[in-house]
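The values are calculated or read from the model by the stated rules, or taken from the named source; none is laboratory data. All figures in this text were calculated on a predicted structure; none of them were measured in a lab. For neighbour counting, all protein chains shown are included, and Cβ atoms are generated from backbone atoms with ideal geometry for every residue, glycine included.
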Amino acid sequence: MSKLIRSVAVALALCATPSAGWSQTREPPLPHASFATLGPATSVPYGWIDFCRRYAGECIENSLSPVTITLTQASLKQMLRINAGVNKAVTPVSDSDHWGVLDRWDYPTDGKGDCEDFALLKRKLLMEEGFPRQALLMTVVKDQQNEGHAILTVKTDHGEFILDNLQDEIKPWDKTPYRFVKRQSEEDENVWVQIGEPTPAPAYVSR
């Protein structure tokens, strides 16, 4: 993973470099979002099951107590930096072109990856910076073309926000163009729950 680490480190450093006059610019107020209404447990994406089979140390089987991140200017900057840094460091490529399979969740160790690979790496980097895993939730949505797409939901005391490989901006979950399907449970990352009104789950995520 050394090539990936170098690429991400460079991208994160670039994203952390303040623009001229930043220190004189007044920080904007913290954003606010709502909280998603969650439904019952639903099917677990095969990609997650397969990922945990190959990266057993990255997945835990024990139940956890839900944790909500306290959003501050510092934690927001961390989220923005990692979201933009990973988006800059990783080249988007479909699983079929990359691996020759329809769907494979993995870390983009060669600098290439699908939407879920971006999200997995952002989750890992945020955990390494002290964010609790219970508040970093892999999420499956349907995009404007009704295709499956994976993003990372971050649960904070200001609401739930989305880290997306298609944009560097971090948005409230309900201000995106997506239809939310399911995500990891806060109490058990190997349990997935429906979001809002039930939406037929895509067979795989591709963007």
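Those strands (runs of 3 or more DSSP E) of region 98-207 in which 1 or more residues are of a type outside the set (G, A, S), in contact with a helix residue (DSSP H, G or I) (Cβ under 9 Å, 6 or more places away or on another chain) and farther than 17 Å from N87 by Cα occupy 136-142, 148-156, 159-164, 179-184, 192-195. Cβ-Cβ distances below 7 Å connect the following pairs, each with a first residue in region 121-148 that is surrounded by 22 or more Cβ atoms within 10 Å (Cβ to Cβ), a second residue that is among the polar types (S, T, N, Q) and in a helix (DSSP H, G or I), and a separation of six or more residues or different chains: K122/N83. With respect to the conditions (1) in a helix (DSSP H, G or I); (2) out of contact with any strand residue (DSSP E or B) (no Cβ under 6 Å at 6 or more places or on another chain); (3) among the aliphatic types (A, V, I, L, M), V67 lacks only one, and its number is (1). Against the numbered list (1) crowded, with 21+ Cβ neighbours inside 10 Å; (2) farther than 24 Å from A41 by Cα, D168 comes up short only at (1).
In this structure, does P45 turn out to be modelled with pLDDT of 95 or more and more than 19 Å from the chain's Cα centre (by Cα)? Taking the combined requirement at face value, the residue does not satisfy it. Taking the criterion of being over 22 Å from P132 (Cβ atoms) and either crowded, with 22+ Cβ neighbours inside 10 Å or without any contact (Cβ under 8 Å) to a residue 24 or more places away in the chain (or both), the only residue of region 179-196 that qualifies is V181.
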